[in-house]
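Here is the structure we will look at, set down as structure tokens.
The values are calculated or read from the model by the stated rules, or taken from the named source; none is laboratory data. Just so it is clear, the structure is predicted and the values come from calculations on it, not from any experiment. Heads up, the Cβs are rebuilt from the backbone with ideal geometry, glycines too, and the neighbour counts pull from every protein chain shown. Side chains are part of the model used for accessible areas, which takes the heavy atoms of the whole protein and leaves out ligands, DNA and RNA. Shrake-Rupley method; radii C 1.70, N 1.55, O 1.52, S 1.80 Å.
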Amino acid sequence: MIALRTASEIEKIRESCGIVHEALDLAGSMIAPGLMTEEIDRALDGYIRGRGGVPSFKGYRGYPASTCISVNDQVVHGIPSGRRLLEGDIVSVDVGVVKGGYHGDAARTFSVGAIAPKVERLLAVTREALELGIQAARPGKRIGDISHAVQGYVEENGLAVVRALVGHGIGRQMHEEPPVPNYGKPGTGPELKAGMVLAIEPMVNAGGWDVVTLDDGWTIVTKDQSLSAHFEHTIAVTEGGPVILTRGGDSGGAM
Ligand code: MF3
Ligand code: CO
């Protein structure tokens, strides 16, 4: 069953999402060559708790950290560590917050110093694919319309969408129905209704779409070791169109 949230529930989700957005801004302000990924994790954990939230990833199915930080060919679920960022790296930071019983979830991929133009393009295409997926999230449309919008744009640009991991409904729990794949056919899947809240999260590889899990049981990497980017927003489907909750302010601001 896909939950339909009331306006007051969506405001509670928005509150958690605002903390996620600010934590990602903090990560962006810290990222520089030489920084250890666990330093980002520590800072964001402190920030989230200082805002009255709880980092929802910590302890989720035994996950050991407060954020997921995935570098270069790491797609998602990278465990923060003593690894130092290097000029030219890309780093995906994924943050979940629960406050007042409601969850928010978002991710961004940042560049470390100057990156190659084709890597810049990987990030831009992934960000735009998310934007197009969000624009498809309207009452009367279907989940497959979101999936198709994401996949079509990514593949037109010669890049590949990861298939093993999907977006999700979110609200009282971090992961709720329905799954939101980043590939699929238009007009298929559950119908979208006002009040649905979804985490849409394209993961895009510069090479092939296939991924493998490392021996730590968490870190997902590209099978061909190509670079991978990840952008995620929590959005509400409303009669007036999609509303991005993990963007802060009036949701008209920058990603
Ligand atoms: N943000 C991830 C998602 O969207 C969840 C992270 S898994 C965790 O589904 F174990 F790290 F929490
Ligand atoms: Co998510």
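Side notes on the structure shown:
- Only protein heavy atoms count here; under a 1.4 Å probe, K58 has an accessible surface of about 110 Å².
- Under the Karplus curve 6.51 cos²θ - 1.76 cosθ + 1.60, θ = phi - 60°, whole-Hz ³J(HN,Hα) for segment 63-70, x wherever Gly or Pro sits: 4, x, 10, 8, 9, 10, 10, 10
- Accessible area of R83 in the full protein assembly, 1.4 Å probe (Å², nearest 10): 100 Å²
- Simple label model, 7 Å out from Cα along Cβ direction - T238 to Q225, nm: 4.8 nm
- Stretching the chain fully between D25 and D215 yields a gain of 65.3 nm (0.36 nm per residue, less the alpha carbon separation).
- Surface listing: H148, H21 arranged by accessible area from highest to lowest gives H148, H21, probe 1.4 Å.
- The shape of segment 158-255 can be summarised by an equivalent ellipsoid whose semi-axes, obtained from the alpha carbon gyration tensor, come to 27, 15, 14 Å from longest to shortest.
- Placing a label point 7 Å from the Cα of R51 along the Cα-to-Cβ line, the residues of segment 80-117 whose backbone N sits under 16 Å from it are 93-108.
- With DNA, RNA and ligands ignored, accessible area of S16 (1.4 Å probe; Å², nearest 10): 0 Å²
- About its Cα centre, the dipole of segment 13-75 is roughly 260 debye, where the only charges are +1 on Lys and Arg Cβ and -1 on Asp and Glu Cβ.
- For the chain, lysine pairs with C-alpha atoms less than 17 angstrom apart, excluding pairs fewer than eight positions apart on the same chain, total 4.
- R61 paired with E87, simple spin-label distance in nm, labels 7 Å along Cα-to-beta-carbon: 3.9 nm
- Between the C-alpha center of segment 3-50 and that of segment 153-206 there is a gap of 21 Å.
- For the set K141, K99, the ranking by accessible area, highest first and with no ligand, DNA or RNA atoms included, is K141, K99 under a 1.4 Å probe.
- Taking the C-alpha atoms of segment 7-244, convex hull volume expressed per residue in Å³: 107 Å³
- Rolling a 1.4 Å probe over the protein heavy atoms of the chain, with every protein chain left in place, gives an accessible area that is 52 percent carbon and sulfur.
- Accessible solvent surface per residue of the chain, calculated while the other protein chains remain in place, 1.4 angstrom probe, Å²: 40 Å²
- With the charge dipole of segment 7-244 set up from +1 on Lys and Arg Cβ and -1 on Asp and Glu Cβ about the Cα centre, the Cα lying farthest toward the positive end among the listed residues N72, P178, I10 is that of I10.
- Ordered by solvent-accessible area of protein heavy atoms (1.4 Å probe), largest first, the residues L35, L122 come out as L35, L122.
- Cα centre as origin, Lys/Arg/Asp/Glu Cβ charges: the chain dipole, Debye: 440 debye
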